[in-house]
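**Q** Sharing a structure with you now.
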Amino acid sequence: MSSSDTIRRLSRPLVEGLSRRERTSSRAFGSTLASISSLFLVLLCVLVVIPLSSCGFRLRGSGELPAEVRRIYVATADELTPLAVELREALSRNGATLAPAASAADAVVRVRSDRTGRRVLSVSARNTPEEFEVFYVVDYSIDRGGQEVVPSQVLELTRSFSFDEADLLAKDLEEDILREAMARDIAGLIVRRLGSL
């Protein structure tokens, strides 16, 4: 056996040991880096959430009504309009109880007018409608303790959609979806107004 073979044989465990140490230290460095980055992510989330919660930010539709206005009576001529249905659902989602009569309620939402329809926005060269505008108009007021605390207010929302005679059923469905979405938005506005009483 030559002296170079002896040196190689003796140095091999040193080199292998060194590479094991390097591998162990790189793993430790990687896990340390991962724990630092996860700590940074948690700290960043906390720094974002605290200012948002302190300024009164709430997710849409997730707030609760004040305890003084938890029993609500909805006075409307038609209980089955999209607005009446959406308003009752929005009130329930926000912690309100629907009162059976105005005398048993903390507040009364009076829907004086609830109208919806559509208008032609544009026509083709053949004088056929190409685009419609769907509108939803609501006139409401809020009574509390026998007094009108929110005088009559008119809310109007509009949405437009294209029209194609070939897709008549689909366009009718699109119009219904838009109408329900507008009723949901108006109901949300009324509930937010109740929450500010």
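Since every read-out is calculated from the coordinates, none of them should be taken as a lab result. Computed from a prediction, not measured in an experiment: that's the story for all the values here. Cβ atoms come from the backbone with ideal geometry, glycine included; neighbour counts cover every protein chain shown.
**Q** What does DSSP give for segment 67-195 in terms of the percent of beta bridges that are antiparallel, rounded to the nearest 5? Before the final figure, lay out the partial values.
**A** Details: 27 of 34 bridges.
Expressed as a percentage, antiparallel bridges in segment 67-195 total about 80.
**Q** Same structure again: For Val149 and Ala104, what is the calculated FRET efficiency with R₀ set at 22 Å and r taken between the beta-carbons, to the nearest 0.05? If you can, show how the numbers build up before the last one.
**A** Values: r = 18 Å, r/R0 = 0.81.
With R0 = 22 Å, the Cβ-Cβ based efficiency is 0.80.
**Q** Next up: Give me the net charge of Met182's neighbourhood, meaning all other residues with Cβ under 10 Å from the Cβ of Met182; Lys, Arg count +1, Asp, Glu -1.
**A** Details: positive: Arg159, Arg179, Arg184; negative: Glu86, Glu156, Glu180, Asp185.
Residues near Met182 contribute -1 overall.
**Q** What does the charge add up to near Leu173, with Lys and Arg as +1, Asp and Glu as -1, over the other residues with Cβ less than 12 Å from its Cβ? Provide the component values of the computation, followed by the final result.
**A** Details: positive: Lys171, Arg179; negative: Asp167, Asp172, Glu174, Glu175, Asp176, Glu180.
Charge balance in the 12 Å sphere: -4.
**Q** Kirkwood hydrodynamic radius of segment 54-197 from all distinct Cα pairs, in Å? Spell out each step's value before the answer.
**A** Working: mean 1/r = 0.0602 Å⁻¹.
Result for segment 54-197 stands at 16.6 Å.
**Q** Could you calculate the FRET efficiency of Ala77 with Glu180 from 1/(1 + (r/R0)^6), where r is the beta carbon distance between them and R0 is 22 Å, rounded to 0.05?
**A** Details: r = 19 Å, r/R0 = 0.87.
Taking R0 as 22 Å, the efficiency between Ala77 and Glu180 is 0.70.
**Q** Provide the net charge surrounding Val69, with neighbours chosen by a C-beta distance below 9 Å and charges set as Lys +1, Arg +1, Asp -1, Glu -1.
**A** Values: positive: Arg70, Arg71, Arg144; negative: Glu68, Asp106.
So the environment of Val69 carries a net charge of +1.
**Q** Working out 0.36 nm times the residue gap between Arg192 and Ser37, then minus their Cα-Cα distance, what length gain in nm do you get to one decimal?
**A** Details: separation 155, 0.36 × 155 = 55.80 nm, distance 3.97 nm.
Gain on stretching Arg192 to Ser37: 51.8 nm.
**Q** Additional query: When you count, for each residue, the other Cβ atoms within 10 Å and take the mean per peptide, how do 116-127, 149-160, 64-75 rank with the highest first?
**A** Numbers: 116-127: 11.5, 149-160: 14.2, 64-75: 16.6.
Top to bottom by mean Cβ count within 10 Å: 64-75, 149-160, 116-127.
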